Amino acid sequence: MSVIPDTHTLSTELVTADPGAKQSRVSLKDVCIVHGRGDAAVVAVEGVDLEVAPREIVSIVGHSGCGKSTLLRAIAGLLPEASVQGELSILGKSPDDARKSGLLSMVFQDAVLAPWRTVEANVRLPLQVARGRDHVPAKTPREQLEVVGLKGFEKRLPKQLSGGQRQRVALARALVMEPQVLLMDEPFGALDEITRDEMHTELLRIWGTTDASIVLVTHSIAEAVFLSDHILVMAAHPGRMADFISVDFPRPRRNDLKDSPEFVGIQHRIRAALEDNR
């Protein structure tokens, strides 16, 4: 795509799904993201194509500043200051409409829990915000907390939890509305290595109880390989696709998979793509 920095209006076009095809949960076609206008315009992301199928996990990896979190926020409809050009949709809707209708949720590196609310009250918050919607989730907040392994923690405050426990609460809160798409921006980046390994297997277990597709941004190559069906490797300046890798390991996956030659081989391919596209 040819990006013209002084374009006055850059719009997000909706993808028209083929009625005879299985609709992607997330669809990006030649997506560019431009911050600012005129002479001050900066192209943050250029020419990204991505399709995320139902119940797939896709990771986005790359060096700091390559635009991966910017791209995730565009998918979430959280870029009011940026202009998005190309075709970007969530189940045929604009990202903003998909978010407002409960089709997608997001988990950040910081759990962002209300410190004055109990664990259960934090998980209940999206249901309170969404009052008036027709959809009634199958699981109550208490039941969702049991799914993420926090049964018995309902009345605790966030300050009484470990970092891993707080992220479990954030995950329960994101899933309580039963989103079709879950976006995760470095959700385990602040955790120690042992807890992070535990959360990898826990995320896959919890994901197995849902119908969600996941798009995950991470700096950890091992994390991306272990969790994903596909990995988008991004180069920087501007952010663009350097490689797209399919990961065919069967599920369920165990942590000893990380020691296998096949696992190490995929890691080497990602590192090579990053080194070749600095």
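The values are calculated or read from the model by the stated rules, or taken from the named source; none is laboratory data. Since the structure is predicted, the reported quantities are computational estimates derived from the model, not experimental observations. Neighbour counts are summed over all protein chains in view; Cβ atoms, including those assigned to glycine, are modelled from backbone coordinates with ideal geometry. Please note that ligands, DNA and RNA were not included when accessible areas were found on the heavy atoms of the full protein model with its side chains. Shrake-Rupley method; radii C 1.70, N 1.55, O 1.52, S 1.80 Å.
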Nonlocal Lys pairs with alpha-carbon distance under 16 Å, the chain (8 or more apart, or different chains): 4
Short to long, in 10 Å steps from zero, the percent of alpha-carbon pairs of the stretch 211-278 per bin is 19, 54, 24, 4
Percent of Cα-Cα pairs more than 25 Å apart in the stretch 48-178, please. 34
Binning at 5 angstrom from zero up to the longest distance, how are the C-alpha pair distances of the stretch 146-278 distributed in percent? 2, 9, 19, 21, 20, 14, 9, 5, 2, 0, 0
Multiplying the sequence separation of VAL129 and ASP248 by 0.36 nm and subtracting their Cα-Cα distance, what value in nm do you get? 38.9 nm
Sorted from largest down, what three extents in whole angstroms do the Cα atoms of the stretch 129-212 have along their principal axes? 41, 27, 19
Taking every alpha carbon pair in the chain, what does the distance histogram look like in 5 angstrom bins from 0, in percent? 1, 6, 12, 16, 18, 17, 14, 10, 5, 2, 0, 0
Please report how far the C-alpha centroid of the stretch 57-120 lies from that of the stretch 255-278, rounded to the nearest whole angstrom. 26
Mind giving me the nanometre distance, one decimal, between the label points for LYS258 and THR209, set 7 Å out from Cα along Cα→Cβ? 2.3
For the stretch 46-63, 3J(HN,Hα) per residue [Karplus equation, 6.51 cos²θ - 1.76 cosθ + 1.60, θ = phi - 60°, Hz, x = Gly/Pro]: 9, x, 8, 10, 7, 10, 10, 7, x, 6, 9, 10, 10, 9, 10, 10, x, 5
Of all accessible surface on the stretch 123-228 at a 1.4 Å probe, what whole percent is carbon and sulfur? 50
